[in-house]
Amino acid sequence: MSPLFPSEEFAGRVAKARAAMTEAGAELLLVDHAEFLAWLTGYTVSETMYRAAFLPREGEPWFVLRELDAGPCRDACWFGDIVGFADTSEPHQAMADEIRRRGFAQARIGADHASYGFTAATRERLAALLPDARFVDLPRASDLLRAVKSPAEIALIAEAAAIADKAMAAIVAKALPGISPRAAAAVAAACFLENGADTGETGPIVPGVGDHEFLHGVMTAQPLAEGDILHVELIPKRRNYGARLMRPVLIGADRRGLSPLAARLVALQDRQIAAMRPGALACEVDAILRGAVLAEDLRPVYDNVTGYALGLYGRTPRTSDFSRVFLPNARWQLEEGMVFHMYVSAGGLGFSETVVVEAGGGRRLTSAPRALLSASSR
């Protein structure tokens with residue numbers, strides 16, 4: 001396996017990281033956040049044993065990790081300095097030994113102190129092993145340096161979006177009375193794997209009941225009846241880059257007359273997506289949807305976000321990237337090349353899209369029909 005992106009792309013990422021190091025006064029950057037590792041080096045792996053990459057202000061980076069993972073790391077990284085340690089070793093000691101051997105024992109070592117890998121225990125252990133070093137924070141660098149996606153990254157997200165579209169169509173084709181959320185998830189998982197997704201993890205597939213609480217519901221094997229709503233959220237990943245798609249799937253006839261609500265939610269979200277231009281404030285984009293839903297009494301309260309960042313996903317404790325979210329108090333500006341999962345829900349119906357910010361507004365990378373879907377409407 002060769003690096004996923006060309007060397008020029010990694011050179012640009014290194015330049016971004018070094019600019020952040022210079023601003024913080026760091027001589028060496030420690031990278032242990034799963035997505036940041038993948039973005040900067042080309043490789044990421046679980047936190048079963050502590051692992052980290054190190055980027056000096058000048059010269060080549062190096063990676064220190066479990067010897068068992070060193071081979072795949074060498075195959076995926078754009079650089080060749082990979083140090084493996086035995087399972088009998090103490091990982092933090094291995095890191096400290098390499099830092100000392102390379103002349104950085106007294107350096108200002110930069111790290112994102114909010115990284116899931118850089119725990120209090122890790123910081124204390126490294127500080128004890130390197131008493132003459134000073135650890136400096138690069139606040140949220142693990143997420144914010146990756147916020148704008150390159151054309152190559154967007155292309156991978158688009159591949160994942162196409163898989164989501166296919167899986168949604170496969171579920172809709174089988175959405176007849178008697179289907180269970182678990183059976184629908186099995187359809188999606190098979191479609192993911194058949195079409196090149198990294199895994200068969202589907203996302204929440206649950207009965208659509210309530211305004212937003214069903215979004216993180218628990219999958220069951222309970223059969224659905226005529227008139228029920230199956231809420232389907234699909235989260236395929238392609239080479240660690242993820243897309244997301246939500247649709248309400250009607251089982252049988254629309255006995256509750258939900259089609260007008262579905263059409264209105266789609267229309268309001270279309271207005272929001274159209275406003276996703278570079279320079280727009282996230283709170284203003286959020287208000288387009290949130291304000292209208294509340295003003296039209298489509299929901300009594302609307303406290304959850306209307307969108308969040310999408311892109312690279314590693315093996316971390318989080319399943320969603322909330323480094324950038326759409327809320328009434330979100331004062332950050334959108335930039336061209338940012339990608340988001342935008343979603344709206346009310347009355348048991350949930351719609352979402354994977355959206356890239358472009359000069360003329362948001363562009364959907366997912367393309368499933370924007371309506372209350374059903375097997376009879378195919």
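The values are calculated or read from the model by the stated rules, or taken from the named source; none is laboratory data. Note that the coordinates shown come from a computational prediction; the quantities given were computed from them, not determined experimentally. Glycine gets a Cβ as well: all are built from the backbone with ideal geometry, and neighbour counts include every protein chain shown. Accessible surface areas use protein heavy atoms only, side chains included; no ligands, DNA or RNA. Shrake-Rupley method; radii C 1.70, N 1.55, O 1.52, S 1.80 Å.
Restricting to region 155-185, name every residue that is open to solvent by 30 Å² or more (accessible area, probe 1.4 Å) and touching a Gly at 6+ places or on another chain (Cβ under 9 Å).
Answer for region 155-185, where residues must be open to solvent by 30 Å² or more (accessible area, probe 1.4 Å) and touching a Gly at 6+ places or on another chain (Cβ under 9 Å): Glu159, Leu176, Pro177.
Conditions (1) open to solvent by 20 Å² or more (accessible area, probe 1.4 Å); (2) under 23 Å from the mean Cα position of the chain (by Cα); (3) under 30 Å from Leu176 (Cβ atoms), marked per residue:
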position	(1), (2), (3)
Ile229	no, no, yes
Leu250	no, no, yes
Gly257	yes, no, yes
Asp270	yes, yes, yes
Val285	no, yes, no
Leu289	no, yes, no
Val293	no, no, no
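Checking Glu335 against (1) under 17 Å from Ala275 (Cα atoms); (2) surrounded by 18 or more Cβ atoms within 10 Å (Cβ to Cβ); (3) in contact with a Pro (Cβ under 7 Å, 6 or more places away or on another chain), which test does it fail?
(2)
Across region 194-227, what is the total count of residues that are in contact with a Pro (Cβ under 6 Å, 6 or more places away or on another chain) and surrounded by 19 or more Cβ atoms within 10 Å (Cβ to Cβ)?
Final tally of qualifying residues: 4.
Please determine whether any residue of region 38-50 is touching a Cys at 6+ places or on another chain (Cβ under 6 Å), of a type in the set (A, V, I, L, M) and within 20 Å of Gly314 (Cα to Cα).
No; the residues of region 38-50 include none that is touching a Cys at 6+ places or on another chain (Cβ under 6 Å), of a type in the set (A, V, I, L, M) and within 20 Å of Gly314 (Cα to Cα).
Farther than 28 Å from Tyr116 by Cα and without any contact (Cβ under 8 Å) to a residue 24 or more places away in the chain: is that true of Leu294 in this structure?
Yes, satisfied.
Can you name every residue in region 316-346 that is modelled with pLDDT of 95 or more and not in a strand (DSSP E or B)?
Phe326, Leu327, Pro328, Asn329, Ala330, Arg331, Trp332, Leu334, Glu335, Glu336, Gly337, Met338
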